[in-house]
Each structure stands twice: as structure tokens, then as C-alpha cells.
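Just so it is clear, none of the values below were taken in a lab; they were calculated from the coordinates. Note that the coordinates shown come from a computational prediction; the quantities given were computed from them, not determined experimentally. Backbone-built Cβ (ideal geometry, glycine too); neighbour counts: all protein chains shown.
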Amino acid sequence: MGRYRGWMPTALLNDDAIRPTEYTHWAAARRRFERREKDAAILANLLETIPHQGLAVPITLGVSDRDGAVYVADGHHRAVALLLLRAPRFPFHWYWIKSAGVHIEKRPFPYHLIPGE
């Protein structure tokens, strides 16, 4: 059995449901990506390719085993691009964030942890 690959509504990439790990809010991530040349180039490429080719690399979500919070662990640029494009949904992999370490899960995502799901 391979790692779990699911699909989630892009609207859940918000400050309440699926949060960014490296930024205080999604708006802060977007502002940083627009200001920094390297990030702006990555974002521009994604905005150009996603509508024609889809998202080639799934976003990786981390789920805290302490409080059940869900974060984007890998794929902040992809997430911001999807939000800007108003894409309906996105592919993802996931893992538990535990003190003993992490590994990509093979089991279905615990959707009950997402508010409104």
C-alpha cells in the first residue's frame, strides 16, 4: 500500500482550517512571496503552469497529535498559487506531527479534524 493521496477543497487553505507553518497567516505568506524576487518567480511559474498541467507535486499536510491542528508542512508556494487561481481542490499527502518523528501516512486523512468537514 502506497502513501495516502487525497483531495481537499482549496477554500480550506485558510487561517482557521489548514494553516501555514512558516508564516503567521496566509496573507503574510502571499505578501512575502510577492516581495522577494526568488519567491515571486516561483509563484509566477506556478500561476502559469497549474491551469494547464495541474499541480504536479501534492501539498504535504502535517497534523499535530497534540491538538489536531492541520498545517501545510510542504507546499506554501503551491498553496498560495492555488488560492490566487481559486482552484477548486488540491491533491495532498499527510503525516502526524509527533515528538517521536514523522512519516507520510498510508491511512486515510482524519477529515474530522478540519472545521466544517
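One compactness figure for the range 62-108 is 1.30, namely its Cα radius of gyration divided by 2.2 N^0.38 Å. For the options T49, T21, T60, a Gaussian network treatment of the chain with springs between C-alpha atoms closer than 10 Å singles out T49 as fluctuating the most. Axis of helix 76-85 versus longest Cα principal axis of the chain: the two differ by about 60°, to the nearest ten degrees.
As I understand it, the dipole of the chain uses +1 on the Cβ of Lys and Arg and -1 on the Cβ of Asp and Glu, about the Cα centre. Which of Q53, V63, Y23 lies farthest toward its positive end? The residue sitting farthest along the positive end of the dipole is Q53. Think of the chain as having a plus end and a minus end, set by charges on the Cβ of Lys, Arg, Asp and Glu; of A44, L113, S99, A44 sits farthest toward the positive end of this dipole. Computed about the Cα centre, the dipole magnitude for the range 34-117 is approximately 100 debye when only Lys and Arg (+1) and Asp and Glu (-1) carry charge, each at its Cβ.
On a per residue basis, the convex hull of the C-alpha atoms belonging to the chain measures out at 109 Å³.
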